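FYI, it's all coordinate maths here, none of it is from the lab. Computed from a prediction, not measured in an experiment: that's the story for all the values here. Cβ: placed from backbone, ideal geometry, glycine included. Neighbour counts: every protein chain shown.
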Amino acid sequence: MLTYFELRKGVKFILDEEPCEVLDFEQIKMAQRRSVARVKMRNLITGQVLEKTFQQSDKFEEVEIDKIDLKFLYFNKGNYYFCKLENPSERFSFTEVQIGESAKFLKTGQVVQGLVFNNKIININLPIKVHLKVIEAPPGIKGDRAQGGTKVVKLETNTLVNVPLFIKEGDIVEINTETNEYVRRPPAGGGKFVSGAN
């Protein structure tokens, strides 16, 4: 069993009979009382993000989530469709709400981790960092370069992100799928997705 103090980022536990993953943990000192924990978590089945406060006496069941390789096939009418890597005839779909904001960085053919709970695939995890091609980029303004300015570009997944002014159309950029932010322009030849999902 886990104590409230062990509910740190990345820890998966059972809440109301469903698996959740801790996104953020903050210990709060209460005047004249014991400390409590404010925990931000994501329900791994529904994708819902919620915050709860737990007491020192609270205990939680840690959950083991198995992982399986899935391939992203396509998006249609609000659903993202995947198949098992070793068995393409087995297909699954999840909504954008279930997957979360990182869904906007999914690229056809991308391999992701399927999360398995009680022998059922309940959701997916993208790699923390992915490489995507810039398909639209306004020109950078020379005067802004010295000040480290940014501009908005469109990626091949039709997602808009802020990047440095030197990024141009056709460049490959590395994006952090947890923060939705530009990381760097990887070395030449690094145009594939980077592995590294949790």
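Let me know the Rg and Dmax you get for region 66-125 when you use only its Cα atoms, in Å.
10.4, 28
What do you get for trypsin sites (Lys or Arg not before Pro) in region 1-47 restricted to DSSP loop and a cutoff of at most 12 other Cβ within 10 Å of the site's Cβ? List each step's numbers first, then the result.
On the way: sites: Arg8, Lys9, Lys12, Lys29, Arg33, Arg34, Arg38, Lys40, Arg42; in loops: Arg8, Lys9, Lys29, Arg33, Arg34.
Answer by residue number: Arg8, Lys9, Lys29, Arg33, Arg34.
So what J values fall out for region 97-103 if you push phi through Karplus, 6.51 cos²θ - 1.76 cosθ + 1.60 with θ = phi - 60°, rounded to Hz, Gly and Pro as x?
5, 4, 6, x, 4, 5, 4
Based on the mean of other beta carbon atoms within 10 Å per residue, what is the order of 118-131, 154-167, most packed first? Walk me through the numbers before you get to the answer.
Working: 118-131: 18.2, 154-167: 16.5.
Packing order, densest peptide first, comes out as 118-131, 154-167.
Ranked by Cβ crowding within 10 angstrom, fewest neighbours first, how are Ser93, Ser102, Ser57 ordered?
Numbers: Ser93 15, Ser102 22, Ser57 8.
Least to most surrounded, the residues fall as Ser57, Ser93, Ser102.
Got a sec? Charge dipole of the chain, +1 on Cβ for Lys and Arg, -1 for Asp and Glu; which of Phe92, Pro164, Val63 is way out at the positive end?
Pro164
Rounded to whole Å, give me the distance from the Cα center of region 1-48 to that of region 90-138.
24 Å
Report the Stokes-Einstein translational diffusion coefficient (µm² s⁻¹, integer) for the chain, Rh taken as the Kirkwood radius over Cα pairs, at 4 °C with viscosity 1.567 mPa s. Each step should come with its number before you reach the end.
On the way: Rh = 18.9 Å.
Result for D is 69 µm²/s.
With +1 assigned to the C-beta of every Lys and Arg and -1 to the C-beta of every Asp and Glu, and no other charges, what is the dipole magnitude of the chain about the Cα centre in debye, to the nearest 20? Each step should come with its number before you reach the end.
On the way: 29 positive and 26 negative charges, 128 e Å.
Roughly 620 debye, rounded to the nearest 20.
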